[in-house]
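Taking it in order: structure first as structure tokens, then the write-up.
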Amino acid sequence: MNSRLPAILVTGGAGYVGSHTLVELLAAGYDVVCVDNFSNSSPEALRRVERIAGRAVRRVDGDIRDRSLLDLAFAAAPIEAVIHFAALKAVGESVLRPLDYYDNNVGGTICLLHACRRAGVKRFVFSSSATVYGIPQKLPLTEDMPLAPLNPYGATKLVNELLLRDLCASDPAMSVASLRYFNPIGAHPSGLIGEDPRDIPNNLFPFITQVAIGKRERLSVFGSDWPTRDGTGVRDYIHVVDLALGHVTALRYCARSTGFVPINLGTGRGTSVLELVKAFEEATARPVPYQIVGRRSGDIAECYADAGLALRLLQWRATRDVKEMCADGWRWQQGNPSGYS
Ligand code: NAD
Ligand code: WQD
């Protein structure tokens with residue numbers, strides 16, 4: 001850690017997207033300070049990040065709702081900006097535990113923003129989500145489309161966006177990029193870091209890799225009667241490394257601009273469940289047995305991004321295709337059948 005280089009404070013840096021972003025921040029020459037309570041991750045992920053990057057990650061282990069812990073983190077290095085990943089993210093769980101989701105995701109963000117104010121830090125990159133759009137009225141989704149989240153998780157993301165927008169309106173020196181991720185999948189090509197769901201995966205791709213490695217018997221495809229080209233759900237899958245690189249460009253953008261801007265981070269292309277299964281089998285030569293079952297409640301038929309604003313503002317676009325996402329995700333799963341544990 002070179003204490004003279006400006007540093008980035010990364011909350012939730014041990015998580016799936018955060019760990020991949022730490023790798024790219026270190027590669028880009030930033031120093032990083034990671035605050036994580038490991039509620040949905042492992043310190044092993046940070047050790048792997050250091051192994052890939054060949055550089056140290058300064059750790060301040062704990063909860064972003066702990067005021068003194070945050071002040072310690074901001075004092076650990078000359079922080080020039082924050083990337084805020086720390087959140088609970090399971091849609092179904094958020095329906096059962098809304099208070100925990102608002103406390104963690106909104107309460108945590110408020111604590112973090114107070115700490116930013118105490119430290120005089122005014123550049124902020126926020127992990128938002130395409131779930132803020134709810135049911136798309138038109139596709140592809142552009143950032144100016146209506147925001148109507150369907151679940152408490154998506155609502156916490158929207159509330160945080162509204163808070164950040166209001167903060168920028170009250171302080172013209174603030175700069176916030178709210179990155180609306182679509183469906184990140186895959187893993188770093190080294191196979192050393194990747195997605196490590198705690199229980200039965202809620203999301204499609206980690207379920208596929210667990211079927212492929214024999215941990216799950218078969219994939220349940222949630223509905224084949226959707227109004228899509230093959231009847232199964234269509235999503236905008238984006239390689240997690242492309243997503244991580246998007247954060248580096250967003251930091252540079254925040255350094256030369258002020259105000260609040262929401263930005264879609266997606267590929268602009270939709271892939272159906274069965275198309276992803278086929279791509280995975282072709283990329284890995286591993287069969288993925290599946291059965292068609294009923295629709296999952298709260299699901300939508302189709303969702304994919306218009307990624308034009310990211311290209312215009314950040315000069316960023318996703319470059320890795322679905323096959324590469326599958327191959328890289330499988331390499332991680334094969335090398336880590338039980339994740340980081
Ligand atoms: P993740 O659960 O792997 O990572 C989140 C990290 O934050 C974990 O390491 C967890 O321990 C930490 N954390 C949570 N609450 C904390 C708290 N109060 N204090 C300190 N640390 C805390 O999730 P992810 O997939 O890496 O997602 C990162 C961000 O991106 C989240 O904000 C999520 O909502 C958002 N997002 C994710 C997806 C996706 O599909 N993965 C899609 C859209 C948006
Ligand atoms: C993708 C498609 C399912 C699992 C969620 C969150 C979103 C974001 C990304 C945080 C859908 C189908 C899935 C399975 C299946 N996370 N599917 N069998 O629902 O688009 O988005 O993760 O921000 O907020 O909502 O992703 O991977 O759960 O589902 O058929 O076992 O795969 O119906 O069509 P989703 P997903």
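The values are calculated or read from the model by the stated rules, or taken from the named source; none is laboratory data. This one's a predicted model, so the numbers in the text were calculated from it and none came from an experiment. Neighbour counts are summed over all protein chains in view; Cβ atoms, including those assigned to glycine, are modelled from backbone coordinates with ideal geometry.
Table for the structure above
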{"item": "Qualifying residue in segment 116-124 (condition: among the aromatic types (Phe, Trp, Tyr), at pLDDT 95 or above, buried (at least 19 other Cβ atoms within 10 Å of the Cβ) and within 14 Å of ligand 2 (Cβ to nearest atom))", "result": "no"}
{"item": "Single residue of segment 283-331 satisfying the filter (at positive phi and in contact (Cβ under 8 Å) with a residue 24 or more places away in the chain) that is nearest to ligand 2 (Cβ to nearest atom)", "result": "GLY298"}
{"item": "Test for ARG331: is it outside any loop (DSSP other than H, G, I, E, B), over 19 Å from the mean Cα position of the chain (by Cα) and surrounded by 19 or more Cβ atoms within 10 Å (Cβ to Cβ)", "result": "yes"}
{"item": "Output for segment 1-60, where each listed residue is surrounded by fewer than 19 Cβ atoms within 10 Å (Cβ to Cβ), touching a strand residue (DSSP E or B) at 6+ places or on another chain (Cβ under 8 Å), in contact (Cβ under 8 Å) with a residue 40 or more places away in the chain and not in a loop (DSSP other than H, G, I, E, B)", "result": "ARG58"}
{"item": "Residues of segment 90-105 satisfying the condition of being among the hydroxyl-bearing types (Ser, Thr, Tyr) and within 18 Å of ASN203 (Cβ to Cβ)", "result": "SER94, TYR101"}
{"item": "Count of residues meeting criterion [hydrophobic (A, V, I, L, M, F, W, C), in a strand (DSSP E or B) and either within 16 Å of ligand 1 (Cβ to nearest atom) or under 21 Å from TRP330 (Cα atoms) (or both)] in segment 253-276", "result": "2"}
{"item": "Unmet requirement for PRO262, which otherwise passes all of (1) within 15 Å of ligand 2 (Cβ to nearest atom); (2) free of Cβ contacts under 8 Å to residues at least 24 places away in the same chain; (3) closer than 28 Å to LEU22 by Cα", "result": "(2)"}
{"item": "Some residue of segment 277-294 being within 16 Å of ligand 1 (Cβ to nearest atom) and either out of contact with any Cys (no Cβ under 8 Å at 6 or more places or on another chain) or in a strand (DSSP E or B) (or both)", "result": "no"}
{"item": "Verdict on LEU139 being away from ligand 2 (no atom under 12 Å from the Cβ), more than 17 Å from the chain's Cα centre (by Cα), surrounded by 15 or more Cβ atoms within 10 Å (Cβ to Cβ) and in a helix (DSSP H, G or I)", "result": "no"}
{"item": "Criterion (over 30 Å from CYS168 (Cα atoms) and touching a residue at least 40 places away in the same chain (Cβ under 8 Å)) met by exactly one of SER257, SER272", "result": "SER272"}
{"item": "Segment 206-224 residues that are without any contact (Cβ under 8 Å) to a residue 40 or more places away in the chain, paired with ones that are in a loop (DSSP other than H, G, I, E, B) and loosely packed, with under 15 Cβ neighbours inside 10 Å (beta carbon under 9 Å, 6 or more apart)", "result": "PHE207/ILE200; GLY214/PRO337; ARG216/ILE200"}
{"item": "Sole exception among (1) within 17 Å of GLU195 (Cα to Cα); (2) in contact with a Pro (Cβ under 7 Å, 6 or more places away or on another chain); (3) more than 9 Å from ligand 1 (Cβ to nearest atom); (4) of a type in the set (A, V, I, L, M) for ALA7, by number", "result": "(1)"}
{"item": "Candidate set: segment 265-282, residues that are under 15 Å from VAL211 (Cα atoms) and touching a strand residue (DSSP E or B) at 6+ places or on another chain (Cβ under 8 Å); chosen: the one nearest to ligand 2 (Cβ to nearest atom)", "result": "VAL273"}
{"item": "Residue match in segment 97-108 (condition: β-branched (Val, Ile, Thr), closer than 15 Å to GLY12 by Cα and not in a strand (DSSP E or B))", "result": "yes"}
{"item": "Unique residue being in contact with a helix residue (DSSP H, G or I) (Cβ under 7 Å, 6 or more places away or on another chain), away from ligand 1 (no atom under 16 Å from the Cβ), among the charged types (D, E, K, R) and closer than 26 Å to ARG312 by Cα when the list is ARG118, ARG165, ARG123", "result": "ARG123"}
